[in-house]
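Since every read-out is calculated from the coordinates, none of them should be taken as a lab result. Nothing here was measured: the structure is a model prediction, and the numbers come from that model. Here the Cβ positions follow ideal geometry from the backbone for every residue, glycine too, while neighbour counts run over all protein chains shown.
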Amino acid sequence: MIRLSGLLRSLLCLALIAGLGGCKTVGHWFGHDKQPETETLAVEPLYAMAKRDLLAENYSRAHTEYQRLVARFPFGPYSEQAQLELAYTLYKTGKPEDATSAVDKFIRTYPRQPNIAYAYYLKALINFDRDINLFTRVARLDPAQRDLGAPTQSFNDFAEVVRRFPSSPYAADSRQRMIYLRNELARSEMNIGLYYLRRGAYVAAANRGKYLLETYPESQFNGDAVALMAASYSALGEKALADDARRVLEKSYPDHPYLKGHWPRKKGWWHRLTPFSGEFEYK
C-alpha cells in the first residue's frame with residue numbers, strides 16, 4: 001500500500017503540472033495571485049477611489065491610484081483630470097520638483113482642458129510654498145548674497161494666473177499672494193540697501209533704493225527706499241539729490257522716522273525695517 005500511495009501521489013502531481021499550469025494554478029487555489037483593485041476596476045470606479053482618498057488627505061495612496069489609472073487608461077477625460085490631481089498629490093507629499101514637472105507636462109499636453117486655470121494656479125502655489133521656506137532659510141544669510149530668483153518666479157507665476165484667467169476662482173487669491181511676495185521681495189532689497197549703507201557703499205545703497213522703487217512701486221517699503229536714497233546721497237555729498245529725496249519723503253511719507261532724525265539708530269524702527277534679525281542694527 002505504501003508503494004501504491006507514493007505512485008498515486010506522483011501521478012497526481014504530474015497531472016496538476018501538465019493540466020492545470022503547475023504551481024501558479026495551485027497558488028490561485030490558495031488566493032496568492034489575487035490582483036489589487038487598481039488592476040481590475042474600470043476607469044470610473046478607479047477614479048472615484050482615488051478621488052475619495054485625495055479628499056481624505058491620504059495623498060500617498062491617492063498618488064498610487066492615480067498613477068495606475070493613467071497607466072491603464074491613458075486617454076479620455078478621467079485620465080486628463082487624474083494627471084492634474086496626480087500632480088497635486090506629488091505637491092502634498094513633498095515632491096515639488098516632480099509636481100512642477102507634472103503640471104508643466106499637463107499644461108503642454110492639454111492647453112484647452114477645462115481646468116487649465118487650476119493647473120497654472122497649482123504651479124504657482126507649489127513655487128510659493130517653496131518660497132515661504134526659502135525666506136525663512138535665507139533670513140540668516142549675508143543680505144548681499146541672497147538669491148531672489150525663486151520668489152521672483154513665484155510672483156511671475158501668480159501674475160500669469162491673473163493675466164490669463166482674470167475671472168477664474170483663482171485670480172483673487174493669486175493677487176493677494178502677489179502682494180505678499182512683492183513686499184517680501186522689497187523687504188529683501190531694502191535689507192541689501194541698508195547693508196551697503198552701513199558698510200559705506202553709498203552708491204550701491206542709493207541704487208538699491210532706486211531699484212526697489214522702480215521694481216516694486218506699490219510695496220510697503222517705498223518710503224524706506226526714499227529714505228535710503230536721501231541718506232546715501234547725503235553721505236556722498238550730493239546735496240541736490242539728497243534734498244530731492246527728502247522732499248519726496250516729506251510729501252508722500254510725512255511721518256517717516258527719517259524726517260524726525262530717527263535714522264536707524266533706534267532699535268524699534270530698525271527692527272521693524274528688518275524683522276528677521278538684528279544683525280544690521282547700528283550701534
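For the range 147-187, the alpha-carbon radius of gyration amounts to 1.14 times the rule-of-thumb value 2.2 N^0.38 Å expected for a compact globular protein. May I ask for the distance between the Cα centers of the range 147-192 and the range 214-235, given as a whole number of Å? Using only Cα atoms to place each centre, the spacing works out to 21 Å. Does the range 152-228 come out rounded, prolate or oblate by the C-alpha gyration tensor, with a ≥ b ≥ c the root eigenvalues, rounded set by a/c under 1.5 and, if not, prolate when a/b is larger than b/c and oblate if not? Cα axes put the range 152-228 in the prolate bin. Eigen-decomposition of the gyration tensor built on the alpha-carbon atoms of the range 36-93 gives equivalent ellipsoid semi-axes of 16, 12, 9 angstrom, largest listed first. In plain terms, the chain from residue 71 to residue 240 could stretch by 53.9 nm, reckoned as 0.36 nm per residue minus the Cα-Cα distance. Taking label points 7 Å from Cα along the Cα-to-Cβ direction, residue 98 and residue 176 give a separation of 3.1 nm. For residue 162, the shell of other residues with beta-carbons less than 11 Å away shows a net charge of +1, using +1 for Lys and Arg and -1 for Asp and Glu. Using Cβ point charges alone (K and R +1, D and E -1), the dipole size of the range 76-129 about the Cα centre works out to roughly 120 debye.
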